[in-house]
Amino acid sequence: MTDIPQTLTDRLLEAESIVFFTGAGISAESGIPTFRGKDGIWNKLKPEELANFDAFLRNPEMVWEWYNHRKKIIFESQPNMGHLAIAEMQNIFKDVTVVTQNIDNLHKRAGSRKIYELHGNIERNYCIDCKTKYNEELPFKDKIPRCTKCGGLIRPDIVWFGEYLPQDQFQASAESSKKCDIFFVIGTSAVVYPAASLVYTAKENGAFIVEVNIEETEISYLANKSFFGEAGKILPAIVEELKKRKSVQ
Ligand code: BJW
Ligand code: ZN
């Protein structure tokens with residue numbers, strides 16, 4: 001049982017606006033592999049061969065094979081207790097924002113409403129030439145989907161290395177990070193930029209930083225409170241504690 005200190009619940013109960021900044025670790029308990037760390041996929045596969053535009057142009061078949069594999073894992077997965085606890089926070093706080101680096105849609109499926117997606121979404125695709133969107137069934141031809149309008153290659157709507165993040169999503173995330181009272185950093189190694197810069201934005205603007213991770217990270221030194229353990233255990237424990245406190249207030 002995770003011990004939630006009263007000083008933290010006091011602080012949380014005074015807060016109006018909360019940001020949950022999440023990474024692959026929150027979905028690990030749904031069976032979706034992380035990128036780095038002990039069981040991370042980058043231990044076996046090289047990001048430079050799969051997660052950039054040149055790699056895609058060089059070998060679209062290999063990149064699509066990899067995404068089809070990941071899609072299958074993601075579509076068969078379910079939101080876990082961590083995602084559900086974050087969604088439940090909407091019943092406790094006025095303003096809850098989820099800023100996620102994940103592409104798996106699990107926050108939405110868990111019921112979170114205000115979500116900014118920094119690195120795209122695996123359910124969306126587009127033609128690299130005419131930009132037509134393909135969000136339903138993909139027109140695969142010889143293992144590669146091709147645009148039905150112009151014949152161009154279709155790619156997943158995911159931000160690869162060296163590509164700009166969707167500016168509207170990043171701007172809105174930065175605004176929320178600036179004005180929030182509490183900023184949770186959950187299940188991210190916080191090594192990928194500019195996403196990780198949001199932790200500094202929040203800190204510089206006075207937010208109380210709470211980290212939830214199974215191990216120490218690059219930003220642990222910034223945290224006002226760190227929980228080292230699984231998000232799917234710690235977040236529900238925080239929700240339970242908050243509910244208990246609210247019912248006696
Ligand atoms: C648990 C848990 C449990 C486990 N409970 N916790 C130097 C050299 C080269 C490039 C750069 C450089 N410095 C900066 C850059 C730029 C680059 C970058 O940051 N690189 C660094 C990695 C070095 N950034 C970019 O390129 C970005 N774009 C950009 O900068 O644009 C400007 C520009 C434009 C034009 C030219 C030049 C610049 C884009 C970044 C895009 C990232 N995309 C990916 C997707 C890959 C493809 C795909 O998914 O299909 O996004 S990479 C990958 O990392 C993915 C993730 O969203 C992202 C972050 O990973 P995350 O979520 O933190 O996961 P992990 O695995 O790292 O960590 C998991 C954590 O969970 C761990 O800490 C565990 O302990 C923990 N955990 N179980 C709680 N149960
Ligand atoms: Zn096209």
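The values are calculated or read from the model by the stated rules, or taken from the named source; none is laboratory data. Keep in mind that this is a model prediction, so the values were computed, not measured. Every residue, glycine as well, gets a Cβ built from its backbone with ideal geometry; the counts of neighbours run over all protein chains shown. For accessibility, only protein heavy atoms count, side chains too; no ligands or nucleic acids. Shrake-Rupley method; radii C 1.70, N 1.55, O 1.52, S 1.80 Å.
Of the GluC sites (Glu not before Pro) found in region 1-85, those that fall in a DSSP loop while having at most 16 other beta-carbon atoms within 10 Å are GLU16, GLU76. For the chain, what % of the accessible area comes from carbon and sulfur atoms, probe 1.4 Å? Carbon with sulfur: 50 percent of the solvent-accessible area.
Under 5 Å from the amide H of SER17 lie the amide H atoms of ASP181, ILE182, each residue being 5 or more positions distant or on a separate chain, with H modelled from the backbone and absent for Pro and chain starts.
Amide H to amide H, with H built 1.01 Å from N, TYR116 comes under 5 Å of VAL98, VAL99, THR100, counting only residues 5 or more places away or on other chains. Of the residues ILE26, ILE186, ILE128, the one that moves most in a GNM of the chain with alpha-carbon contacts below 10 Å is ILE128.
Note on region 166-211: along the principal axes its Cα atoms extend 26, 23, 14 Å, ordered by decreasing extent.
Please name whichever of TRP42, ALA202, SER77 sits farthest to the positive end of the charge dipole of the chain, dipole taken about the Cα centre and charges placed at Cβ: Lys and Arg +1, Asp and Glu -1. Of the options given, the answer is SER77.
May I ask what percent, to the nearest 5, of DSSP beta bridges between residues of the chain are antiparallel? Show your work: numbers first, answer last.
Details: 8 of 31 bridges.
Percent antiparallel among DSSP bridges in the chain is about 25.
Across region 164-177, rounded Karplus estimates of 3J(HN,Hα) from the backbone phi angles (6.51 cos²θ - 1.76 cosθ + 1.60, θ = phi - 60°) give 6, 6, x, 4, 5, 5, 5, 4, 5, 5, 5, 4, 5, 5 Hz, Gly and Pro being marked x. Projection of the Cα convex hull of region 150-249, averaged over all directions and equal to a quarter of that hull's surface, yields 9.3 nm².
If Rh is defined by the Kirkwood formula over all Cα pairs and Rg also comes from Cα, what ratio Rg/Rh do you get for region 1-128? My calculation of the ratio gives 1.04. Within the straight-line cut-off of under 19 Å between alpha carbons, the lysines reachable from LYS108 are LYS71, LYS72, LYS94, sequence neighbours fewer than 8 places apart in one chain being disregarded.
The rule of thumb for compact globular proteins, 2.2 N^0.38 Å, goes into the C-alpha radius of gyration of the chain 1.06 times. The listed residues SER112, SER197 rank as SER197, SER112 when sorted by accessible area, largest first, using a 1.4 Å probe.
Considering only protein heavy atoms, with the full assembly of protein chains and a 1.4 angstrom probe, order PHE228, PHE170, PHE140, PHE20 by accessible area, largest first.
On the way: PHE228 110, PHE170 40, PHE140 90, PHE20 0 Å².
The ranking, largest first, comes out as PHE228, PHE140, PHE170, PHE20.
Between the Cα long axis of helix 231-248 and the first principal axis of the chain there is an angle of about 40°, rounded to the nearest 10. The distance separating the Cα centre of region 173-249 from that of region 15-93 comes to 18 Å.
Springs between alpha-carbon pairs under 10 angstrom, Gaussian network model over the chain: which of ASP54, ASP39, ASP142 fluctuates most? The residue that fluctuates most here is ASP142. Accessible surface for the chain, divided over its residues, is 50 Å² per residue with a 1.4 Å probe.
Say a site is exposed when it is one of the trypsin sites (Lys or Arg not before Pro), sits in a DSSP loop, and has at most 12 other Cβ atoms within 10 Å; what is then the longest site-free stretch of the chain?
It runs 150-249.
Phi-derived couplings, Karplus 6.51 cos²θ - 1.76 cosθ + 1.60 at θ = phi - 60°, listed residue by residue for region 12-29: 5, 5, 7, 7, 10, 10, 10, 10, 10, 9, 10, x, 3, x, 5, 9, 4, 6 Hz, with x used for Gly and Pro. Per-residue 3J(HN,Hα) values for region 89-104, derived from phi via the Karplus relation 6.51 cos²θ - 1.76 cosθ + 1.60 with θ = phi - 60°, read 4, 5, 7, 10, 10, 5, 10, 10, 10, 9, 10, 10, 8, 7, 10, 8 Hz in sequence order (x marks Gly and Pro).
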